[in-house]
Amino acid sequence: MRLYASAPPRRTTPLTRVPHLTPSLLLAAVLLLVGGLLLASPGRAGAAADPLISRGKPATSSSVENSTFPAGKAFDGDPSTRWASAEGSDPQWIRVDLGAAATVSRVRLSWEAAYAKAYRVEISADGATWTRLATETAGNGGTDDWTGLTGKGRHLRVYGTARGTSYGYSLYEVEVYGTLDGGPPPSGAFTVVAAGDIAAQCTASSSSCAHPRTAAQAQRINPKFYLTMGDNQYDDALLSDFRAYYDKTWGVFKAKTRPVPGNHETYDPAGPLAGYKAYFGALAYPQGKPYYSYDEGNWHFVALDSNSFDDSAQIQWLKDDLARNTKGCVAAYFHHPLYSSGGHGNDPVSKPVWQILYGAKADLVLNGHDHHYERFAPQDPSGRATPDGIVEIVGGMGGAEPYPIETVQPHSQKRISGTYGVLKLDFTDTTYTWQYVGTDGQVKDSGPTYTCH
């Protein structure tokens, strides 16, 4: 039984030989076919002409089989590439951000051999609350072409509830047709991987050593660049330890890394940040200081040293940097979080910086320090929930020993402790969203899609 669609999906099946048709029979067949197509979508004569609006848009999924089959492959227009979920578990989903509110009239799904026996096609305005457009309960693979739809929203997902095989779910293409209400969708999409609190003094020869596994997952995602949120090397961030531990794992993609220091980088007997500076060099000091900024697409990134938030020079630099910024979206990252439900708890040293960022309409702040994952709803520097607030994410599960959740803070929306992983952040010129991806490749949490202030 199929619900929420004015016409069932048209399935593509292998061609078979047909008997010879006389001209009269051929004409009758053509008329019958045309009539059937007109009846299949009543009141939607223009549906077939609606444009494809999902090609190349940012996509995420509940999981991937491996880095060869990311969600974006189902929206790249290449029928030879595909998304594949992890095997053997239900439910699984894949979703796309259309970039603007849209009226969706048609969704075409091209399944690989690992198809869904049961699934839903859903649409959402905010990526959090979903409305069904179509439901399949007896899928048999091939191509499902849902027409005659009347959904409205910005995000569309295919939510698989029962696999048709013992494997996972796999789609060559998900094609969404309709009309965008807000003009052209945003461009400039790129992905960033981030983590803090990374390299314990251990190597892959130890089964309990986590940073080789987080590095492997980070590398599989293959982002535009990597961010670190401090405490890159334990315990005292000696140059020799950077070379012995961090360099063997996260150091593999060092050239694409844009780090900041944590408190452990200040413990070096050779001097605060000595080993950190010697190891990263100009990557950590591109503007001559342990704080710097750079642009990517329509985003301005600010990398700060929260060990010295009492340094008036850094505070003045931050004000001047934000005043010069011409990009529409702003993200900042540093080690000490203003708000945290972990062992270290809230750190008021960051509040003056939050006030500056909030005044500049910053969108996102990334932190480490507490060894867990946590995301907060938008809030102001005083901890009041507000739509124009800053979204804070704590991502301190890069490899150091996990900390338990202790006192849950207001506006904390999700907390995960004990599961190592990395942040996969997806940016466009006007939006951002993210996933917390465990070392097993499974998505442990997905954030909403936010629009830049």
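Listing for the model above:
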quantity: Which numbered condition residue 307 misses (of (1) in contact (Cβ under 8 Å) with a residue 60 or more places away in the chain; (2) more than 20 Å from residue 240 (Cα to Cα); (3) not β-branched (Val, Ile, Thr)); calculated: (1)
quantity: Close pairs from segment 220-236: first under 26 Å from residue 295 (Cβ atoms), partner part of a loop (DSSP other than H, G, I, E, B) and of a type in the set (Ser, Thr, Tyr), Cβ under 9 Å, at least 6 apart; calculated: 221/67; 222/67
quantity: Complete set of residues in segment 38-59 that are modelled with pLDDT of 50 or more, of a type outside the set (Gly, Ala, Ser) and either more than 24 Å from residue 95 (Cβ to Cβ) or open to solvent by 20 Å² or more (accessible area, probe 1.4 Å) (or both); calculated: 50, 51, 52, 55, 57, 58
quantity: Matching option when the condition is open to solvent by 40 Å² or more (accessible area, probe 1.4 Å) and touching a residue at least 60 places away in the same chain (Cβ under 8 Å), among 213, 258, 243; calculated: 213
quantity: Out of 405, 416, 393, sole residue that is open to solvent by 40 Å² or more (accessible area, probe 1.4 Å), out of contact with any helix residue (DSSP H, G or I) (no Cβ under 9 Å at 6 or more places or on another chain), of a type in the set (A, V, I, L, M, F, W, C) and at pLDDT 95 or above; calculated: 405
quantity: Which numbered condition residue 237 fails, given (1) at negative phi; (2) open to solvent by less than 50 Å² (accessible area, probe 1.4 Å); (3) touching a Gly at 6+ places or on another chain (Cβ under 9 Å); calculated: (1)
quantity: Residues being assigned to a loop (DSSP other than H, G, I, E, B), in contact with a strand residue (DSSP E or B) (Cβ under 8 Å, 6 or more places away or on another chain) and open to solvent by less than 60 Å² (accessible area, probe 1.4 Å) - total across segment 263-303; calculated: 6
quantity: Residue within segment 62-73 that is within 19 Å of residue 427 (Cβ to Cβ), open to solvent by less than 30 Å² (accessible area, probe 1.4 Å) and at pLDDT below 90 present; calculated: no
quantity: Residue in segment 115-151 that is nearest to the chain's Cα centre (by Cα), counting only those that are surrounded by fewer than 17 Cβ atoms within 10 Å (Cβ to Cβ) and charged (D, E, K, R); calculated: 126
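Let's see how each residue does on (1) of a type in the set (S, T, N, Q); (2) out of contact with any strand residue (DSSP E or B) (no Cβ under 8 Å at 6 or more places or on another chain); (3) over 20 Å from residue 448 (Cα atoms):
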| site | (1), (2), (3) |
| --- | --- |
| 364 | no, no, no |
| 374 | no, no, no |
| 380 | no, no, no |
| 388 | no, yes, no |
| 403 | no, yes, yes |
| 407 | yes, yes, yes |
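The values are calculated or read from the model by the stated rules, or taken from the named source; none is laboratory data. Since we're looking at a predicted model, the values are computed, not measured. Here Cβ is always computed from backbone atoms with ideal geometry, including for glycine, and neighbour counts include all displayed protein chains. Accessible surface is based on the protein model in full, side chains and every heavy atom, while ligands, DNA and RNA are left aside. Shrake-Rupley method; radii C 1.70, N 1.55, O 1.52, S 1.80 Å.
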